[in-house]
Amino acid sequence: MAAISPHALALCVIEARPSVLAVSAMRYLTGVALALPAATVAVPLPRVAQGTAAWVLSILAVYLYNGVTDVTEDRINASGRPIARGDLETRTAAAVAAGAACLALLATWGLPGPMFGIVAANLALGYLYSGPPSPLKDSSGGTVAVLCLSGLLSYLAGFTVATGGGGVALPAALVLFAGVAIGWMVLVGMPAKDLSDITGDTAAGRRTLGVLLGDRVSRQVMVGAAVALLAGFAMAVSVTHVPLAGVVLALAAGVVAVAVAALPAARRPGDGGRRRTRRPYGAFMGTQHLLHLTVILSPI
């Protein structure tokens with residue numbers, strides 16, 4: 001097989017969505033940050049960096065493989081990612097995905113023992129989500145299961161690296177944050193993402209939330225879920241007194257952003273249909289970054 005060029009590798013990163021890779025790293029680092037009070041010894045930065053590499057490589061492999069299996073639907077949905085627009089061959093992307101998966105496993109060498117299993121489990125989830133014979137992405141239930149499990153693994157990876165992987169209870173702040181962040185992914189991110197993919201998902205025979213409920217009801221469900229999630233999280237933080245007040249404020253800003261993005265807007269010249277339907281997803285993704293940065297940059 002011919003060597004893969006740096007340009008092809010760059011396209012693979014673009015296909016895997018840099019914003020997704022970034023927030024995946026933030027989830028892991030949030031797990032580290034919220035585990036520090038429970039750590040019995042100082043955590044070496046090189047070990048944290050190695051864990052980051054292992055986790056992000058596993059996410060790169062998962063999302064790149066998903067792009068390979070989604071090419072037909074992405075083209076129907078007029079996706080601008082490299083595989084859909086024909087700039088990146090599926091064979092090349094699949095080879096890079098396999099290489100990234102192997103590197104992710106190798107990168108766990110020298111880390112706490114459970115990290116190998118955590119990364120391997122994430123890769124297995126990625127295959128079950130996108131691969132034959134029955135991809136879990138074809139149903140809302142399967143998508144929810146993968147999102148929840150992969151999200152939990154990301155925070156568990158950070159916790160494991162920070163604490164050495166044994167004999168330490170999960171801090172209440174980490175449990176609460178992981179719960180609200182995963183709830184944000186499932187209850188807000190999933191319907192937001194579906195909005196721009198309804199046509200392609202329908203053609204592929206998938207039973208996603210957007211296909212089942214339609215555009216208007218999906219937007220209503222998304223906004224209602226965001227408000228309920230904010231109320232529940234604020235109450236939990238108040239009752240438990242965990243130091244996550246800044247996260248409550250960040251989530252409130254995100255709920256407003258998603259609600260505004262979900263409002264019907266008059267179509268303007270040059271405002272493509274896909275770009276308009278992606279606005280709620282952009283607000284969701286921006287909020288994800290804000291929530292995690294709030295924790296990472298704040299002393300706990």
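The values are calculated or read from the model by the stated rules, or taken from the named source; none is laboratory data. Bear in mind the structure is a predicted one, so any value in this text is a computation, not a measurement. Quick note on the areas: whole protein, heavy atoms, side chains included, nothing else; ligands and nucleic acids left out. Shrake-Rupley method; radii C 1.70, N 1.55, O 1.52, S 1.80 Å.
Counting only the heavy atoms of the protein chains, how much of Ile76 is accessible to a 1.4 Å probe, in Å² to the nearest 10?
80 Å²
Put one equal scatterer on each alpha carbon of the chain, apply the Debye formula with no solvent term, and list log10 I(q)/I(0) at q = 0.11, 0.12, 0.14 1/Å to two decimals.
For the chain at q = 0.11, 0.12, 0.14 Å⁻¹, log10 I(q)/I(0) is -0.68, -0.81, -1.09.
Using a 1.4 angstrom probe on the protein heavy atoms only, could you order Ser150, Ser19, Ser130 from most to least accessible area?
Ser19, Ser150, Ser130
Counting only protein heavy atoms and a 1.4 Å probe, tell me what percentage of the chain's accessible area is made up of carbon and sulfur.
Carbon plus sulfur share of accessible area: 70 percent.
If I build a Gaussian network model for the chain, linking alpha-carbon pairs within less than 10 angstrom, which residue out of Ala104, Ala173, Ala38 has the largest mean-square fluctuation?
Fluctuation is largest for Ala38.
Can you give the accessible area of Ser238 in Å² (nearest 10), computed on protein heavy atoms with a 1.4 Å probe?
Its heavy atoms expose roughly 80 Å² to the probe.
Going by amide H atoms built from the backbone, whose H comes under 5 Å of the H on Ser139, apart from near neighbours?
Residues meeting the criterion, in which the H sits 1.01 Å from N, are Arg207.
Post the alpha-carbon centroid distance, the stretch 213-241 to the stretch 105-145, in whole angstrom.
27 Å
Once you've got the GNM for the chain with C-alpha springs shorter than 10 Å, pick whichever of Pro135, Pro280, Pro46 has the biggest mean-square fluctuation.
Pro46
For a quick check of understanding: with a 1.4 angstrom probe and all protein chains in place, what accessible area in square angstrom does His7 have, to the nearest ten?
130 Å²
In whole Hz, what ³J(HN,Hα) sequence does the stretch 98-113 give by Karplus (6.51, -1.76, 1.60; θ = phi - 60°), x for Gly and Pro?
With coefficients 6.51, -1.76 and 1.60, one gets 5, x, 5, 5, 5, 5, 4, 5, 5, 5, 7, 4, x, 7, x, x Hz.
Provide the per residue accessible area, probe 1.4 Å, for the chain, rounded to a whole number of square angstrom.
That works out to 44 Å² for each residue.
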